[in-house]
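Okay, so here's the structure we're looking at.
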Amino acid sequence: MTATSLRTSPSPSATGGRGSYWITTFGCQMNKADSERMAGILESMGYREAQAELEADLVLYNTCTIRDNAEQKVYSYLGRQAQRKRVNPNLTLVVAGCVAQQEGESLLRRVPELDLVMGPQHANRLDVLLAQVEQGQQVVATEEHHILEDITTARRDSSICGWVNVIYGCNERCTYCVVPSVRGKEQSRLPEAIKLEMEGLAAQGFKEITLLGQNIDAYGRDLPGITPEGRRQHTLTDLLQFVHDVEGLERIRFATSHPRYFTERLIDACADLPKVCEHFHIPFQSGDDEVLKAMARGYTVDRYRRIIDRIRERMPDASISADVIVAFPGETDAQYHRTLDLIEEIGFDQVNTAAYSPRPNTPAADWPNQLSEEVKVERLREINALVERVARQRSARYAGRSEQVLVEGINPKDPEQVMGRTRTNRLTFFPAARAGGGQWQAGDLVEVRIEEVRAFSLSGTAQP
Ligand code: SF4
């Protein structure tokens, strides 16, 4: 949809450089990866990154609507920029991501100063949409769209660790989740395109790649092809085996997994492929089968336990992280305590916790048995304390061990230190100075003797 914008004069493009841009990203890794690609598109159009948000000629908010507080955040930012736009009509204001998809045209009524509202499926069409804006139109791009392979080079935040999308969207129907309605149906990229992107990154010096998907275990189910044994030709396991030989890459990770589709074949492949790191992010959401059924998650607690047991059979030291929702509609105290028990039993290295937040276009939002804010706050406080205690217990196993750490850069809080991650994804800090002189650099793989353990990070000394 298009309408006339508030612009008074042609955009800077008519006068050479296109000016500066600023991108603020809310939410998940998928959004971070989309923002890197949109920054790459803006730079290929001649924009340069601004020093500060309030100095930029083009401001883009890549938004998240997974919970109400995430959605509300963008409106306070937009208020500030709308004021700027009233003074400077040539400022370009863009809202991208999941709030844009969810709200669409109604965002223009709420913030008439906006130039472009674009859903996540349109991220790599930013240049086409901005061309319409530069013609003086107000543009809303939220229609279902097949995501074409992206030729622009993403402007990545790291030069060592990169995100690579392998599947967009989600076909599941978890009753609390807004993702399917804002990111659309599953669209898997072809393995050859994924490998080509990974080879390009390795050639630039990237050492670690994280393969991304909202439900990455669904990778390939929308691609044609059945093997002689009768199974899908394209699965996450096949993809890992196909990209494993990319030269120059040291580590491969993937997220986010779904217990419903997590297979033994995948676990065996992860154990047998040296570059695949021993860290698994597998949201369980609740420790109670009745709640899981109400969430339409499609698995039981027992199935979840069996997955973790099998992982630990093949990779005893693997780290397990997860997501959990407390105070889901109707969740009784007993059901909530089964969630606490499961966290204790599994012994997670990390758990991202959230209190249930009713979302538009999701079934559970209309259910009568919503729980009070007090219950949400209390359960969140209690579960966060438990998660920290269990993570501290898990971290204790690193004490005195030597861990391989991939250096990602200087510790922003202490320039005498560098920081990086173990293969099990534990953040680790150690002195930047090398024994023989010089400094450890981003991309170095260093054996670090762990001397100090905390709940979610480690410190140590590089081994000679
Ligand atoms: S699997 Fe469920 S929770 Fe995850 S993105 Fe899809 S619908 Fe949402």
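The values are calculated or read from the model by the stated rules, or taken from the named source; none is laboratory data. Being a predicted model, the structure only gives us computed values, none of them experimental. So basically every Cβ, Gly included, is an ideal-geometry build from the backbone, and we count neighbours across all protein chains shown. Each accessible area value is taken on the protein alone, full model and side chains, heavy atoms only, with ligands, DNA and RNA left out. Shrake-Rupley method; radii C 1.70, N 1.55, O 1.52, S 1.80 Å.
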For the pair A271 and S158, the simple spin-label estimate (label points 7 Å beyond Cα toward Cβ) gives in nm 2.7
One quarter of the convex hull surface, Cα atoms only: what value does that give for the chain in nm²? 23.6
Got a number for the accessible area of K185? Probe 1.4 Å, square angstrom, nearest 10. 130
By average Cβ neighbour count within 10 Å, what is the ranking of 154-160, 116-122 from highest down? 116-122, 154-160
Show which lysines lie in cross-link reach of K207 when reach means a straight Cα distance below 18 angstrom and same-chain residues fewer than eight apart are skipped. K195, K275
Contact order normalised by length for region 273-342, with contacts defined as Cα pairs under 8 Å and 6 or more residues apart; what percent is it? 50
Pop out the ³J(HN,Hα) list for region 280-290 in order, Karplus 6.51 cos²θ - 1.76 cosθ + 1.60 with θ = phi - 60°, rounded to Hz; leave Gly and Pro as x. 10, 9, 10, x, 10, 6, 8, x, 10, 5, 5
Acute angle (nearest 10 degrees) that the helix 333-346 long axis makes with the longest principal axis of the chain, alpha-carbon atoms: 70
Computed FRET efficiency, Cβ-Cβ of S402 and D68, R0 56 Å: what is it to the nearest 0.05? 0.80
Round to the nearest 10 and give me the degree value, 0 to 90, for the angle of helix 68-87's Cα axis relative to the longest principal axis of the chain. 30
Give, in nm to one decimal, the length gained when the segment between T300 and A435 is fully stretched (0.36 nm per residue of separation minus the Cα-Cα distance). 43.5 nm
On a 0 to 90 degree scale, rounded to 10, what angle separates helix 29-44 from the longest Cα axis of the chain? 40
With the full set of protein chains in place, find how many percent of the accessible area of the chain is carbon and sulfur; take the probe as 1.4 Å. 51
Mind checking the full-extension length gain between N361 and E313? Use 0.36 nm per residue of separation minus the Cα-Cα distance, one decimal, nm. 13.2 nm
Between R48 and R389, what is the label-to-label distance in nm when each label sits 7 Å out along the Cα-to-Cβ direction? 5.5
If I stretch the segment between Q187 and E199 completely, what's the gain in nm (0.36 nm per residue apart, minus their alpha carbon distance), one decimal? 2.2 nm
Inverse of mean 1/r across different Cα pairs in region 399-462, Kirkwood, Å: 11.3
Surface per residue (accessible, 1.4 Å probe) for the chain, Å²: 42
For R310, what is the net charge nearby, where nearby means another residue's Cβ is under 13 Å from its Cβ and Lys, Arg count +1, Asp, Glu -1? +1
Tell me, what is a quarter of the convex hull surface for the C-alpha atoms of region 161-397, in nm² with one decimal? 13.6
